[in-house]
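K.L.:
Below is one structure. I have some questions about it.
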Amino acid sequence: TNLEPCAHTGRTPPCVDAVKQAGIARVVAAMKDPDPRTNGRGFRALRDAGIAIEECLLREEAMRLNEGFISRVTRGRPFVLLKLATTLDGRVAVPGRRYLSGKRALREVHRLRDRSDAVIVGIGTILADDPALTVREVKGRDPLRVILDTEARTPPQAKIVRAADPQRTVIFVARDAEVRRTNRLRDAGVLLATLPRADGGLDLGAALRWLGEHGVNTVLSEGGPRIAGSLVRGGFADRLLLLVSPLAGGDGPPALAGVGSPNALRDLRVRKLGDDIALEGSIV
């Protein structure tokens, strides 16, 4: 198993009870469960029952696999993957093109949506592109759709509002947003959550804590430069995926806005996705 069997009752009874009842003689686990309700108690309970335990095999791989869960239980917020698609000179838009990235890169983004609990964008992306934020290029499940919309400007006719399952759309608005607008969105069936204002917009830390409290382990950010810059500046972006297309020029905005001090990437990985280059690494 990639994680220590749990020793607490949550949505299901303790896993250690099921292991003992099944008559299993040996358990091999990659890492200790960081949840304080278990955190070694599962191993102790199994050893006390006479079950052999081997732990920390392939621990680094397990930590990568469980990074969202680890983030939620230790930091109270999801793990955030920041995805940016840019030109060779770091711009995020080219006139006359809806997508900067090619088909292989687009499929990679949809695979990431499938693997993520939630995808987050800002109101600027909704108004400019009217995205569905669903999984279409590959087989998979749709993530929770999250919109940062300080003034409740999301149009009721937007694709994310008219989705077949509007309750899978969460719109964060300011606590003092115009009541008429917020009521209109509630009437459309989406889930509306209010947040305090911060940094000229919404409190991103509060938004991520809300998502963590609602069981979200992993978030894929597909927002524009302002959202991306706020996530990096606030220390909320954990990993960056940069998709660079073989285009240059144009007057689009830079990919990151108002970041301030430069950030380094650790464990950088570079791949070719068709004509695009994908650079991925942990933000330090």
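Each value in this text was obtained by applying a stated rule to the coordinates, not by laboratory testing. Here the structure is a predicted model, which is why all the values come from computation and not from measurement. Here Cβ is always computed from backbone atoms with ideal geometry, including for glycine, and neighbour counts include all displayed protein chains.
K.L.:
Rounded to the nearest 5, what % of the DSSP beta bridges within the chain are antiparallel ones?
P.N.:
35
K.L.:
Say R0 is 41 Å: what FRET efficiency, to the nearest 0.05, do ASN263 and ALA49 get from their beta-carbon distance? Walk me through the intermediate numbers first.
P.N.:
Numbers: r = 47 Å, r/R0 = 1.15.
E between ASN263 and ALA49, to the nearest 0.05, is 0.30.
K.L.:
Can you give the FRET efficiency for ALA248 and VAL270, using 1/(1 + (r/R0)^6), R0 = 22 Å, r = Cβ-Cβ distance, to the nearest 0.05?
P.N.:
0.70
K.L.:
To continue, here is another question. Going 7 Å from the Cα of THR12 along its beta-carbon direction, which residues of region 199-232 have the amide nitrogen within less than 14 Å of the resulting point?
P.N.:
Residues passing the 14 Å test: none.
K.L.:
Around GLY281, with a cut-off of 14 angstrom between Cβ atoms, what is the net charge of the other residues, counting Lys and Arg +1 and Asp and Glu -1?
P.N.:
Every neighbour counted, the sum reads +2.
K.L.:
For Rg and Dmax of the Cα atoms in Å, the listed values are [x] 22.0, 77; [y] 19.0, 60; [z] 21.1, 67; which was obtained by calculation from the structure presented?
P.N.:
Looking at Rg and Dmax of the Cα atoms in Å for this model, the match is [z].
K.L.:
So, one more: Run the numbers for MET63 and VAL284: contour at 0.36 nm per residue of separation, minus the present Cα-Cα distance, in nm.
P.N.:
Here the answer is 77.8 nm.
K.L.:
Would you mind counting up the charge near PRO196? Only other residues with Cβ under 9 Å from its Cβ, with Lys and Arg at +1 and Asp and Glu at -1.
P.N.:
Values: positive: ARG175, ARG197; negative: ASP203.
Within the 9 Å Cβ shell, the charges total +1.
K.L.:
Report the net charge of residues surrounding ARG226, where surrounding means a beta-carbon distance below 12 angstrom and charges are Lys +1, Arg +1, Asp -1, Glu -1.
P.N.:
Spelling it out: positives minus negatives among the neighbours equals 0.
K.L.:
Applying 1/(1 + (r/R0)^6) with R0 = 41 Å to the Cβ-Cβ distance of CYS56 and ASP199, what FRET efficiency is obtained, to the nearest 0.05?
P.N.:
0.50
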